[in-house]
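Notes follow once the structure below has been shown.
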Amino acid sequence: MSDHNTHIEAQISRQVLSSFDKTPDARLKQIMHSLVRHVHGFVRDVELTEREWLDGIRFLTETGHKCDGLVRQEFILLSDTLGVSMLVDAINHRHSADATQTTVFGPFYIEGMPERAFGENMAFTPGEAALVRGRVVDVHGNPLADAVLDVWQTAENGMYSGQDPAQPVGNLRGCYRSNGDGYFAIRTIVPVCYPIPTDGPVGRMLKATNRHPWRPAHLHFMIEKPGYRPLVTHLFNRDDPYLESDAVFGVKQSLQVIYEERVTHDDLSSSLGIALPFKRASYEFVMEAE
Ligand code: BEZ
Ligand code: FE
């Protein structure tokens with residue numbers, strides 16, 4: 001490339017960068033400068049053609065049109081499948097190594113789901129009966145009473161209630177509370193692996209790049225307790241075939257649990273009147289003070 005062309009290209013970037021010099025908000029100025037540097041760097045790096053530029057514009061336009069403001073958020077899905085959501089999560093949760101690790105929130109959370117009693121069943125569709133039980137503690141191991149565990153998972157068909165009109169409202173969702181000793185118990189079904197939605201531009205991107213859309217089986221948690229950092233995480237089934245290739249890069253080893261087969265009762269399962277056999281998983285969530 002001639003010096004003349006190199007000069008023109010550098011000049012464009014300099015001009016755009018300096019157009020943000022008077023931004024009053026220092027953080028916005030930093031973000032705009034960095035964004036321009038990286039986007040221009042990307043365009044230079046791949047020497048983007050005009051055709052590719054237009055394809056990119058169309059892709060992003062379609063991504064916006066696919067969002068419905070309720071449960072379908074194609075931009076979050078794009079961020080998830082590019083690993084941006086997990087990177088933002090990692091940067092924002094550089095907390096104590098003793099606290100439970102966090103993972104991606106995902107687009108299928110619904111606020112205001114029913115409060116459920118200790119050990120109440122939240123599954124109104126078929127599946128393998130499961131009891132997920134454990135404790136919420138602080139980083140010193142002291143039990144945390146009255147923590148709210150907002151949980152959600154898919155039905156056996158791989159869809160969340162809210163996404164699938166055939167499921168009753170609140171199916172496989174609910175807000176549980178830890179008891180006076182920090183213990184919680186959730187009656188549900190064993191989570192299954194499921195594909196993220198592929199009927200939009202993100203699905204096309206996965207197909208074009210020979211990637212699969214599957215997420216390993218998991219149960220979502222958002223745990224809140226005044227004075228502690230909210231904990232957004234999942235528990236993954238340890239035997240899932242997609243643990244090594246989660247479409248959204250959310251898996252952490254410390255978040256994997258085994259659903260063990262129970263053919264006899266313990267005190268908890270017998271007090272809850274669970275029919276045998278069932279699967280049982282246990283976990284201790286560690287919350288960090290704010
Ligand atoms: C989820 O686990 O619900 C999810 C996360 C990211 C993208 C799609 C779904
Ligand atoms: Fe999920």
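The values are calculated or read from the model by the stated rules, or taken from the named source; none is laboratory data. Everything quoted here is computed from the prediction, not taken from an experiment. Cβ coordinates were reconstructed from backbone atoms using ideal geometry, including for glycine residues, and neighbour counts include every protein chain displayed.
Do you know which residues across segment 246-277 are farther than 30 Å from Gly83 by Cα and either touching an Asp or Glu at 6+ places or on another chain (Cβ under 8 Å) or small (Gly, Ala, Ser) (or both)? Walk me through how you get there before you give the answer.
Keep residues of segment 246-277 that are farther than 30 Å from Gly83 by Cα, which gives 260-277.
Ser269, Ser270, Ser271, Gly273, Ala275, Pro277 - these are the residues of segment 246-277 that are farther than 30 Å from Gly83 by Cα and either touching an Asp or Glu at 6+ places or on another chain (Cβ under 8 Å) or small (Gly, Ala, Ser) (or both).
Here Asp89 meets the list (1) touching a residue at least 12 places away in the same chain (Cβ under 8 Å); (2) in contact with a helix residue (DSSP H, G or I) (Cβ under 9 Å, 6 or more places away or on another chain); (3) not polar (S, T, N, Q) almost entirely, failing just condition (2).
Beta carbons closer than 6 Å, at least 6 apart along the sequence or on distinct chains, pair a first residue in segment 192-206 that is over 14 Å from Ile76 (Cβ atoms) with a second that is crowded, with 17+ Cβ neighbours inside 10 Å and of a type in the set (Phe, Trp, Tyr) for Cys193/Trp214; Cys193/Tyr242; Pro195/Trp214.
Here is the figure for segment 80-117: residues that are charged (D, E, K, R), away from ligand 2 (no atom under 16 Å from the Cβ) and crowded, with 16+ Cβ neighbours inside 10 Å total 1.
Criterion first (closer than 26 Å to Pro143 by Cα and either assigned by the TED database to the domain that holds Trp152 or charged (D, E, K, R) (or both)) does Gly200 satisfy it?
Working: closer than 26 Å to Pro143 by Cα: no; either assigned by the TED database to the domain that holds Trp152 or charged (D, E, K, R) (or both): yes.
Against the criterion (closer than 26 Å to Pro143 by Cα and either assigned by the TED database to the domain that holds Trp152 or charged (D, E, K, R) (or both)), Gly200 does not qualify.
For segment 144-161, a residue qualifies if it is buried (at least 17 other Cβ atoms within 10 Å of the Cβ) and away from ligand 1 (no atom under 11 Å from the Cβ), and the qualifying residues are Leu144, Ala147, Val148, Leu149, Asp150, Val151, Ala155, Ser161.
If you go through segment 113-125 and keep only what is more than 22 Å from Val263 (Cα to Cα) and assigned to a strand (DSSP E or B), you end up with just Glu115.
Only one of the numbered conditions (1) closer than 25 Å to Ser270 by Cα; (2) out of contact with any Leu (no Cβ under 8 Å at 6 or more places or on another chain); (3) not aromatic (Phe, Trp, Tyr) is not met by Cys193, and that is (1). Pairs meeting the criteria (first residue in segment 265-290 and farther than 20 Å from Ile189 by Cβ, second residue exposed (fewer than 12 other Cβ atoms within 10 Å of the Cβ) and among the aromatic types (Phe, Trp, Tyr), beta carbons under 6 Å, at least 6 apart or on different chains) are lacking. Taking the residues in segment 178-204 that are surrounded by fewer than 18 Cβ atoms within 10 Å (Cβ to Cβ) and more than 22 Å from Gln163 (Cα to Cα) as candidates, determine which candidate is nearest to ligand 1 (Cβ to nearest atom). For segment 178-204, the residue satisfying everything is Tyr183.
Restricting to segment 207-222, give me the number of residues that are more than 30 Å from Glu115 (Cβ to Cβ) and more than 10 Å from ligand 1 (Cβ to nearest atom).
The total comes to 7.
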